[in-house]
Amino acid sequence: MGIEEKLKQAQIKRLLVVDDTNANIDAAKKFFSTIEPYGVKIDYATNVNDAKALIRESIRAPAGVDNRYSLILSDLSMEEPESGFEVIKEGIRHFTYGFIVTGRNRIDQSHGPKTIIKPKCYGIRTSINEILGTKDDVAVWEKVFSYIMDYITINEGKNLFRALSDASKKLYVDDHVDSLAYDGFAENFVDSYYYD
């Protein structure tokens with residue numbers, strides 16, 4: 001299955017990419033420009049507050065209009081060492097699935113020669129959460145997105161992604177809910193799926 005088919009199957013229409021390093025955002029823009037022709041809108045934020053504001057804004061569409069994010073990809077270490085989790089929690093509060101995409105090693109807090117995806121993208125035979133290379137490389141973004149799309153369309157994450165997506169559509173598009181306070185759910189979700 002090619003990327004266009006995976007985007008359609010997962011109903012990916014809008015992405016948010018969050019990273020505080022300009023070189024990483026530039027590389028992400030180069031890669032994600034290749035999927036825009038498939039009808040995917042991509043927004044970028046360089047800090048937690050802007051990302052959270054974009055997420056909140058995305059759910060404030062008129063009833064029947066689907067303007068929410070389908071997927072969020074966030075750096076981990078921005079204003080604070082783990083501030084990316086705040087972006088993911090904001091997405092989860094509004095039933096939008098997200099992934100941490102980081103170069104930071106949680107053990108010694110250094111940035112290394114690899115990019116790590118959280119939660120792990122479980123495949124048919126193995127879990128994939130490390131890619132050799134850094135996010136300032138377009139090819140790394142291509143691999144990251146490929147692994148994520150496989151995870152949410154053909155592997156372990158498919159049912160979880162679909163459940164969050166369906167709940168979001170029901171609550172925000174069909175019933176036009178302005179805001180939800182699912183802080184406990186978001187905290188538990190992130191604690192369960194993003195920490196090893």
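Nothing in this text is a laboratory measurement; each read-out follows from the coordinates by a stated rule. Note that the coordinates shown come from a computational prediction; the quantities given were computed from them, not determined experimentally. Ideal geometry is used to build each Cβ from the backbone, glycine not excepted, and the neighbour counts take in all protein chains shown.
Observations, loosely collected:
- Exceeding the 25 Å Cα-Cα cut-off - candidates Lys52/Lys118; Lys30/Lys89; Lys8/Lys114; Lys13/Lys114: Lys30/Lys89; Lys8/Lys114; Lys13/Lys114
- 3J(HN,Hα) along region 40-54, derived from phi through the Karplus expression 6.51 cos²θ - 1.76 cosθ + 1.60 where θ = phi - 60°, amounts to 9, 9, 10, 10, 10, 9, 10, 7, 5, 4, 5, 4, 5, 5, 5 Hz, with x in place of Gly and Pro.
- Taking label positions 7 Å along the Cα-Cβ direction at both Lys30 and Asp50, the computed distance is 2.0 nm, reported to one decimal.
- Estimated FRET transfer efficiency (Leu132, Glu79; beta-carbon r; R0 30 Å; 0.05): 0.65
- For the pair Ile154 and Asn67, a Förster radius of 30 Å applied to the C-beta separation gives a FRET efficiency near 0.65, rounded to the nearest 0.05.
- Taking 0.36 nm per residue of separation and subtracting the current Cα-Cα distance, fully stretching the chain between Asp20 and Ile3 would add 3.4 nm.
- Ordering Glu142, Glu90, Glu130 by the number of other Cβ atoms within 10 Å of each residue's own Cβ, fewest first, gives Glu130, Glu142, Glu90.
- Of the residues Val87, Val48, the one with the fewest other Cβ atoms within 10 Å heads the list, and the complete ranking is Val48, Val87.
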